[in-house]
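Colleague: Can you read through this structure? Questions will come right after.
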Amino acid sequence: MTTTTALGNQKGGVGKTTVSLCLLSELARLGRSCLLIDLDQQMSASSTVGAEGDITIEDVLRAKAPAHLSDAIEKSKWEGIDVVPGSDTIQTLERDPDVMAAFRLQKVLRDNADLLSKYDDIIIDLPPDLGTCTVSGLLAADQVIAVTIPEPWSSEGLDRFLTTLEGIRQGPHPSLTLFGVMVNMVRRTNEHRYRITELNETVGGLVMQPVIPQRVAAAEVASEQLPLHE
């Protein structure tokens, strides 16, 4: 079965997109067929994998005359990974008066289940906020990975993100699960050790192991437009 995983945090700068790309590249290297859905208006994930974006996720989710999902999916430059490109104007969805706007992605994925059945994994790169696009991605996902770094502002963003997630679990999407909290960009400092201990006390066994150390190679994924293992 296809598994849809959303990665996010309310705080930007935690390496969420880089983690999404590294996860995609490793899944593909293991022989799994993957689809990336880019909901971040910065479109960093799309540009890194070489998506042109003639038809974007915004076109698929717009209220009037939406594009068909099959027309938006394109092959990336990374083997085994297709992509629904992002849009730098997708935030227009935040001003959509339709109260059901956040459910459109969920409906699109359900309506195209046969088309999407060829993928083992769908990865949704969420924007760094808690608006309609983020809620849309959470409603469409089976599971969520929260990405954070062991610093105060990121921890506050994580708390707000997890509160939003729990609200969705308690409301319209009770089957949504939190797969885990991935701690990224870890340095060997007392502050980072303290923050990781604090996080373990807060979310218990949900902290994914191992934590991800800060590495130049991970940052170079975007600039070189290459999978991490290359």
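The values are calculated or read from the model by the stated rules, or taken from the named source; none is laboratory data. Since the model is a prediction, treat every value here as computed from it, not as a measurement. All Cβ positions, even for glycine, are placed from backbone atoms using ideal geometry, and neighbour counts span all protein chains on display. The area values use the complete protein model at the heavy-atom level, side chains included, leaving out ligands, DNA and RNA. Shrake-Rupley method; radii C 1.70, N 1.55, O 1.52, S 1.80 Å.
Colleague: Show that you can apply the helix-only estimate: for the chain, add -39,500 (n - 2.57) for every DSSP H stretch of four or more residues, divide by all residues, and state [θ] at 222 nm to the nearest 500.
Modeller: Numbers: 10 runs with 91 residues, N = 230.
My calculation for the chain gives -11000 deg cm²/dmol from helical runs alone.
Colleague: To continue, here is another question. Run through the range 73-111 and list the trypsin sites (Lys or Arg not before Pro) located in a DSSP loop whose Cβ has at most 15 other Cβ atoms within 10 Å. Mind dumping the intermediate values first?
Modeller: Working: sites: K75, K77, R95, R104, K107, R110; in loops: K77.
In loop regions of the range 73-111 (DSSP not H, G, I, E or B), the sparsely surrounded trypsin sites (Lys or Arg not before Pro) are K77.
Colleague: List the trypsin sites (Lys or Arg not before Pro) within the range 126-213 that fall in a DSSP loop (any state other than H, G, I, E or B) and whose Cβ has at most 14 other Cβ atoms within 10 Å.
Modeller: In loop regions of the range 126-213 (DSSP not H, G, I, E or B), the sparsely surrounded trypsin sites (Lys or Arg not before Pro) are R187, R188.
Colleague: If you take the square roots of the eigenvalues of the alpha-carbon gyration tensor of the range 1-77 and sort them as a ≥ b ≥ c, do you get rounded (a/c under 1.5), prolate (a/b over b/c) or oblate? Can you show the working numbers first?
Modeller: Values: a/c = 1.71, a/b = 1.26, b/c = 1.36.
Verdict is oblate for the range 1-77.
Colleague: While we're on this one: Using a 1.4 Å probe on the protein chains only, how many percent of the accessible area of the chain belongs to carbon and sulfur? Spell out each step's value before the answer.
Modeller: Details: 5830 of 11240 Å².
It is 52 percent, rounded to a whole number.
Colleague: By how many degrees, 0 to 90 and rounded to 10, does the Cα axis of helix 16-29 deviate from the longest principal axis of the chain?
Modeller: 70
Colleague: Taking a ≥ b ≥ c as the square roots of the eigenvalues of the Cα gyration tensor of the range 33-93, is the shape rounded (a/c under 1.5), prolate (a/b larger than b/c) or oblate?
Modeller: Working: a/c = 2.45, a/b = 1.46, b/c = 1.68.
It is oblate, given that a/c is not under 1.5 and a/b is not larger than b/c.
Colleague: So how many Å³ per residue does the convex hull of the Cα atoms of the chain work out to?
Modeller: On the way: hull volume 27.1 nm³, N = 230.
Hull volume normalised by residue count: 118 Å³.
Colleague: With angles folded into 0 to 90 degrees, how steeply does helix 152-170 sit against the dominant principal axis of the chain? Use alpha carbons for both and round to 10.
Modeller: Approximately 50 degrees, to the nearest 10.
Colleague: Additional query: Over the chain, with a Gaussian network built from C-alpha contacts below 10 Å, which listed residue (L158, L24, L199) shows the highest mean-square fluctuation?
Modeller: Maximum among the listed residues: L199.
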